[in-house]
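Derivation of every value follows stated rules applied to the coordinates shown; laboratory data play no part. As the structure is a prediction and not an experimental result, all values here were calculated from the model. Note: ideal-geometry Cβ built from the backbone for every residue, glycine included; neighbour counts use all protein chains shown.
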Amino acid sequence: MMASPLSASPYEILGVTPSATNDELRRAYRARLRASHPDTGGEASEFHAVQAAWELVGTPEARASYDRQGGTSPGETFAARPARASTTSRPQARSYGHPGGWRREKYLGLMREWVGRGVDLPDPYDPSLVRSAPRDIRHVLSDALAEEATARSLSDLGIAYTIWHDVATAEGSTSYAPGDDASKLDHIVLGPTGLFGVLSEDWAAPVRIKRGELIGEGLLDGERPFHSLATRAKVIARAAKVRFTALVIVIPDDAFPDSLTEVGKVRGYPAVLVHRSRLAGLMRSGIDNDDPVGGNELFDARTRLQSTVRFV
């Protein structure tokens with residue numbers, strides 16, 4: 001809980017205002033706990049969120065600490081975190097580009113505009129400031145954090161893998177259209193198990209699958225993540241004369257019940273929804289019924305992509 005800029009505050013989860021009395025807070029907690037309990041028809045994820053909210057503000061001491069920190073969790077930060085150092089002695093995967101970099105630049109521009117020209121902004125990643133910003137600004141930062149988390153998950157794949165981050169996919173051009181999120185592909189992963197187009201997402205809400213697409217309260221009206229990912233991948237596939245093995249959308253572990261789900265085909269590509277903790281395993285094992293890629297085929301695909309890929 002509270003790991004995403006889009007996450008609801010504990011008061012919002014419990015359905016009270018920050019000025020509620022301790023008795024009102026306790027009654028709201030008990031009511032929300034009963035309503036969300038799986039045995040009474042509630043959702044397990046919502047039930048756990050209610051419990052986590054109570055841990056943050058359930059006692060006068062915890063509540064005072066939470067409020068004193070400006071409505072943030074202990075140690076919470078949205079500052080950039082580099083890919084972790086390898087935990088093994090083997091070389092890390094080849095990696096190019098700056099994961100989350102474009103969206104962080106966009107976030108900083110939007111935040112400065114929202115705060116106002118000439119206003120001092122000593123820490124644009126201060127959690128209390130982030131949570132006070134409009135949702136569209138917080139969503140940009142949430143996407144950046146998701147991309148960085150994916151990069152950390154992929155960093156230990158090994159030298160057989162090559163990863164490109166923040167790849168420009170502007171139709172008919174190698175340039176990037178400023179401000180156009182649809183003109184980039186978050187990650188491309190090439191290795192012995194194939195070539196994968198990867199989108200990193202965190203809507204801070206559960207998602208469901210309907211007719212080969214993701215839906216959920218956190219998504220915008222008309223948002224079609226798998227279709228968008230397929231469109232971007234096709235631009236790269238045409239330019240580099242390669243074919244993607246699968247399209248992968250990476251989500252937080254608590255956003256969907258199953259850690260790995262094959263959604264079907266989207267515009268001719270197999271599509272997979274995967275928990276972030278399962279991502280590296282998927283890259284190593286590949287998808288079912290797919291032959292390994294090696295030797296000249298792997299070298300040729302890497303060469304084509306390396307000479308074609310441009311970054312945002």
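What to note about this one:
- Each residue, ASP258 and ARG152, gets one label point 7 Å from its Cα in the Cβ direction; the gap between the two is 2.8 nm.
- Separation of the PHE299 and SER277 label points, Cα + 7 Å toward Cβ, nm: 4.0
- Relative exposure of ILE215, ILE13, ILE137, judged by other C-beta atoms within 10 Å (fewest first): ILE215, ILE137, ILE13
- Put simply, the C-alpha atoms of the chain give a gyration tensor, and the ellipsoid matching it has half-axes of 37, 23, 18 Å, longest first.
- Global geometry of region 131-268, whether rounded, prolate or oblate, following the gyration tensor of its Cα atoms and the 1.5 cut on a/c: rounded
- What the Cα atoms of region 10-68 give is an Rg and a Dmax of 11.2, 36 Å.
- Helix-only arithmetic for the chain: the sum of -39500 (n - 2.57) across DSSP H runs with n ≥ 4, divided by the residue total, places the mean residue ellipticity at 222 nm at -12000 deg cm²/dmol.
- Here the extension length gained between GLU217 and SER128 equals 29.7 nm, from 0.36 nm per residue of separation less the Cα-Cα distance.
- Taking other Cβ atoms within 10 Å as a rough exposure proxy, LEU220, LEU56 sort from fewest to most as LEU220, LEU56.
- Filter on LYS184/LYS241; LYS106/LYS210; LYS106/LYS234; LYS241/LYS265 - keep pairs with C-alpha separation over 28 Å: LYS106/LYS210
- Sequence of ASP126, ASP300 once ranked by neighbouring C-beta atoms within 10 Å, starting from the fewest: ASP300, ASP126
- Taken along the Cα-to-beta-carbon direction at a fixed 7 Å, the label points for PHE311 and SER65 span 4.0 nm.
- Between THR21 and GLN51, the FRET efficiency estimated from the beta carbon spacing at R0 = 25 angstrom works out to 0.75.
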